[in-house]
Each structure stands twice: as C-alpha cells, then as structure tokens.
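Trainee: Pasting a structure here, questions to come.
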Amino acid sequence: MASEVKDKVVAIIAEQAVLDVADVKPEATLESLGIDSLGLVESIFAIEEAFDITVPFNANEPDQNAEFDISTVGSIVAAVESLVAEQKG
C-alpha cells in the first residue's frame, strides 16, 4: 500500500507542477518544483479526493501542525500514508 500511496501522491504533485513523474524526487520542495500556494491548495484537494482523507486545515503552516508536513515531497507522502493508515484503523 505504501508504494501505491507514494506513486499516487507523486503523480498528483507532478501533474500540478507540469513535470514528468520521474522529475519529482522525495527531497524536492514544492517551491523547487514550481508549485505556488494556489498549486498547493489544488494538490491538497486532489490528495484528499484520491485517498478519501481530510488533510488538517493548517497544513500550509508546517510549524503549526506536526501531523501534515509539506516541507518536501517525501514528507507529504509520509503524512498521507499516516492519514490513510489512521482511516483504515
């Protein structure tokens, strides 16, 4: 399941950044991929829809929310994996 989550999150981010999936590396920041605040919101909505999860409201303030870290692609994948696991209980 983890690989499926990672692949889907990376695909969503790649689509938002208009990049090839291979160009989206775990250590990349959204800023380095050219994703602005509007792109972040659109990415979050797409992730919520794809996984049927709810991302915490203040996800764009990582220092305020340890649950959903958006500092890198890898941290986003880890946060989504955590939310999906919580949902499955």
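The values are calculated or read from the model by the stated rules, or taken from the named source; none is laboratory data. Predicted model, so just to flag it, every value in this text is computed and none were measured. Cβ: placed from backbone, ideal geometry, glycine included. Neighbour counts: every protein chain shown.
Trainee: State yes or no: is residue 10 buried (at least 16 other Cβ atoms within 10 Å of the Cβ) and modelled with pLDDT of 95 or more?
Mentor: Numbers: buried (at least 16 other Cβ atoms within 10 Å of the Cβ): yes; modelled with pLDDT of 95 or more: yes.
In short, yes.
Trainee: Another question, then. Of 55, 9, which residue is part of a loop (DSSP other than H, G, I, E, B) and either among the β-branched types (Val, Ile, Thr) or under 12 Å from the mean Cα position of the chain (by Cα) (or both)? It would help to see each step written out before you state the result.
Mentor: Details: 9 fails: part of a loop (DSSP other than H, G, I, E, B).
Every option except 55 fails the conditions.
Trainee: Could you check, for the range 70-88, whether at least one of its residues is farther than 22 Å from residue 2 by Cβ, surrounded by fewer than 16 Cβ atoms within 10 Å (Cβ to Cβ), at pLDDT below 95 and not small (Gly, Ala, Ser)? Show your work before the answer.
Mentor: Narrowing the range 70-88 to residues farther than 22 Å from residue 2 by Cβ: none.
Checked against the condition, which is being farther than 22 Å from residue 2 by Cβ, surrounded by fewer than 16 Cβ atoms within 10 Å (Cβ to Cβ), at pLDDT below 95 and not small (Gly, Ala, Ser), the range 70-88 yields no hits at all.
Trainee: While we're on this one: Going through 46, 22, 59, 50 one at a time, which residue ends up being farther than 15 Å from residue 4 by Cα, at pLDDT 95 or above, among the hydrophobic types (A, V, I, L, M, F, W, C) and surrounded by 11 or more Cβ atoms within 10 Å (Cβ to Cβ)?
Mentor: 46
Trainee: Does the range 16-25 include one or more residues that are assigned to a helix (DSSP H, G or I), in contact (Cβ under 8 Å) with a residue 40 or more places away in the chain, within 19 Å of residue 79 (Cα to Cα) and among the β-branched types (Val, Ile, Thr)?
Mentor: So in the range 16-25, the residues assigned to a helix (DSSP H, G or I) come out as 16-17, 21-23.
Within this subset, residues satisfying the condition of being in contact (Cβ under 8 Å) with a residue 40 or more places away in the chain are none.
No, because not a single residue in the range 16-25 is assigned to a helix (DSSP H, G or I), in contact (Cβ under 8 Å) with a residue 40 or more places away in the chain, within 19 Å of residue 79 (Cα to Cα) and among the β-branched types (Val, Ile, Thr).
Trainee: Which pairs do you get when a residue that is closer than 21 Å to residue 20 by Cα and in contact (Cβ under 8 Å) with a residue 12 or more places away in the chain, found in the range 30-56, comes within reach of a residue that is basic (Lys, Arg) and surrounded by 12 or more Cβ atoms within 10 Å (Cβ to Cβ), reach meaning Cβ atoms under 7 angstrom, with the pair 6+ apart or on two chains?
Mentor: 50/8
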